[in-house]
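Report on one structure; see the data block that follows.
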Amino acid sequence: MKSFIFFISLLFVAIGFAQDEQFKATLKLNPSQIQTNETFEVIVEANTNGTVDIEFPDEISVLNRTKQIQSSGGNWTVIVNGKPVNSGKTETTYVFKYIARASRKGTYLIKNASYKHSKGVIELNPLTIQITEAPPVSNSVKSNLGKPFFGIINTSRSEVYIGEPVIISSKVYSRGRITDVGDYQPLSIEGIAHKTDLFKNLDNLQVKNEKIEGIGFQTMKISEDLVIPQEAGEIICTPFSIQLGYQGNFFFTDYTRIQSGSSRIKVRPLPSGAPNGFSGAVGDFKVTTKLEANDLKEGDVFVYTVRLEGKGNIHLLSTPELNLPEAFEQYGDPVKKENISLGYQGGEGSIEYEFTIQAQEGGEYDWHPMYFSYFNPKDKRYVSIEIPKEKLSIKKSEFEAVADGSIQRDVQVKGKGLRYISDTPSLKDDHFLIETIIFWTFILLIPLVAVGSGVILKKRRDNGDEIAAAGLSKRASKLAQRELAKAQELWNKGDIKSFADEGLRALQAYLAKKMKCVPSELSKESIEAAFSAHSISEKDRNEWFAILEKLEFIKYTSFSTDKEENLPDRMRSIITNLDQSWS
């Protein structure tokens, strides 16, 4: 009897060892039929440790991979010949799980799957999965309350005007505890609109607990965009999808795929009859201006500041255009200072523009260079902002006020200014004076007084000429710099012919002002004579004529200069040298 029991025990042990050598691995699907964009599981189970190799069709994307080790059963002991013998064992199962999804309907074959372990390779059976087209998803929270997971596209407005800000966000709802998100496919916007992402990434997402009609959900906002439509019609928000990890059984994370519905926003055109000064501003704004122009005279440069404040599409507005009187000219683009934040109201803050302007002619002017209007979507009407008009007085230059040719003998200096003096009244014709000593003494003194007066008048005339020439030279330099700025723009654009024409005009106007003549009176001989009279170096003389010759050659031929030459820099340099050397 003891021998029989011993034999049976050995048989069980042998069976146990035999089972140890029988390695198994299987491939399963859960489920085998799903709809597009839903997730499914591909599971490999084996009774020995190893690695999995699976070939998935191109239409199927794998979202997540996990490996679990599960144990079951236990050891039991029998007594053989009074000694304990262990039999049985704890069974270990290695579970490899793939979370996958297919975005297109069809029948797909998962094949060429294998399991490799320390003793060999097990070929796994191929499996087929059927993907059907998913019905349209509702974008209403109420209609999705029966689902454990769903996504919603929220819009701050369902109808807006062109230029009116709208916030579009993506939000997920989960009945389970959210543990992870990934593989986010964001919504896209169809329609002409400016879009700004208010969420920079998914790293700082916040989970909130909400109750909707008595049902508890964990919710998470995963995107938020500021959208400003640029064209009437419709903005279509296509669905977003995301892989959501949630706490499943035994505290392991399970995964599901959420896809939202779509959403539409109607975009209305702006009403007709936009007032003067409207350039697309939509929202609520105010404008203030500041004119820094005191004691101006011809050639002076001053600053005109325009400050725009408000909320709406302020961050998309173009620089205001000034409508200046002919006697004024704007220098380049204004200096722009922005202080704007983006949020639910669109852009909010202020923009300040500092325009640099030159007064070119003396006189009295009504200063009102701009209008500003905007559309208020809340009131559904246009609003015109009244910008105050100002009087601007520009003094004529002192040189031009006395540059009448015949007045040289009639000018006297008073302090630092010039003014006209009237003629001295003629002497009375009185016969008795002829017979007096005083009369003859006066007659004899006339030559001496004339010589002295000539010296004084000459000195005064020279002083007035110096003041006038200094003012004219200053205006000549400012005029040249302004014209050269125009030439530089043409050079940058590659319009070399127009650049040459503008450059010639700038240099000729500059030298004509210096020489107190009109450009048509300039000639090589007169220029050389002026250069000699004002001690201009031979190097600068040669450079001046070389530049003129180059510009004329470009203007009147098909020649296109090499940009390496940088003619604008040479032109600015020669004017600077002439200003410094002109005596």
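The values are calculated or read from the model by the stated rules, or taken from the named source; none is laboratory data. Please read all numbers here as calculations on a predicted model, not as lab measurements. Cβ coordinates were reconstructed from backbone atoms using ideal geometry, including for glycine residues, and neighbour counts include every protein chain displayed. Just so you know, the surface numbers come from the protein's heavy atoms only, side chains and all, with ligands and any DNA or RNA stripped out. Shrake-Rupley method; radii C 1.70, N 1.55, O 1.52, S 1.80 Å.
For segment 337-350, the Karplus equation 6.51 cos²θ - 1.76 cosθ + 1.60, evaluated at θ = phi - 60°, returns couplings of 10, 10, 9, 10, 10, 10, x, 5, 8, x, x, 9, x, 9 Hz by residue, with Gly and Pro reported as x.
Spin-label model, GLU309/LYS28: points 7 Å from Cα along the beta carbon direction are separated by 6.9 nm. Once a ≥ b ≥ c are taken as the square roots of the eigenvalues of the Cα gyration tensor of segment 309-362, is the result rounded (a/c under 1.5), prolate (a/b larger than b/c) or oblate (a/b not larger than b/c)? It comes out prolate by the Cα gyration axes.
Compute the FRET efficiency between GLU361 and ASN276 as 1/(1 + (r/R0)^6), taking r as their Cβ-Cβ distance and R0 = 35 Å, and round to the nearest 0.05. So, using R0 = 35 Å, E works out to roughly 0.85. Remark: segment 130-140, residue by residue, has Karplus-estimated 3J(HN,Hα) of 9, 10, 10, 6, 7, x, x, 9, 6, 9, 9 Hz, where x stands for each Gly or Pro and the curve is 6.51 cos²θ - 1.76 cosθ + 1.60 at θ = phi - 60°. In this structure the amide hydrogen of GLU38, modeled in the peptide plane, comes within under 5 Å of the amide hydrogens of ALA102, none closer than 5 places in sequence on its chain.
Model label sites at GLU549 and ASP379, defined 7 Å from Cα along the beta-carbon direction, differ in position by 6.8 nm.
One chain, two ends: THR66 and GLU538. Fully extended at 0.36 nm per residue, the span grows by 161.3 nm beyond their Cα-Cα distance.
One chain, two ends: ILE43 and THR288. Fully extended at 0.36 nm per residue, the span grows by 81.3 nm beyond their Cα-Cα distance.
Could you compute the FRET efficiency for SER520 and HIS194, with r as their C-beta to C-beta distance and R0 at 51 Å, rounded to 0.05?
0.45
Would you mind checking LYS147/LYS221; LYS24/LYS67; LYS486/LYS550; LYS297/LYS493 for any pair whose Cα atoms are more than 24 angstrom apart? Violating the 24 Å Cα-Cα cut-off are LYS297/LYS493. Residue by residue, segment 160-174 carries 3J(HN,Hα) couplings of 9, 8, 3, x, 8, x, 9, 9, 10, 10, 10, 9, 10, 10, 9 Hz when phi is fed to the Karplus relation 6.51 cos²θ - 1.76 cosθ + 1.60 (θ = phi - 60°); x denotes Gly or Pro. Local charge for GLU45 was computed over the other residues whose Cβ lies under 10 Å away, with Lys and Arg +1 and Asp and Glu -1, and equals +3. Amide H contacts under 5 Å for VAL282: ASN313, PHE375, restricted to partners 5 or more places along the chain or on a different chain, H placed in the peptide plane at 1.01 Å from N. Here's how it looks for ALA193: its modeled amide H is under 5 Å from those of GLN230, which are all 5 or more places away or on a different chain. FRET efficiency for the pair LYS119 and ASN209, taken as 1/(1 + (r/R0)^6) with r the Cβ-Cβ distance and R0 = 51 Å, rounds to 0.50. Computed from the alpha carbon atoms alone, the convex hull of segment 151-232 holds 102 Å³ per residue.
The length gained on full extension between ARG505 and GLN230, counted as 0.36 nm times the residue separation minus their Cα-Cα distance, comes to 94.7 nm.
Per residue, segment 177-322 exposes 52 Å² of accessible surface when a 1.4 Å probe is rolled over the protein heavy atoms with every protein chain present.
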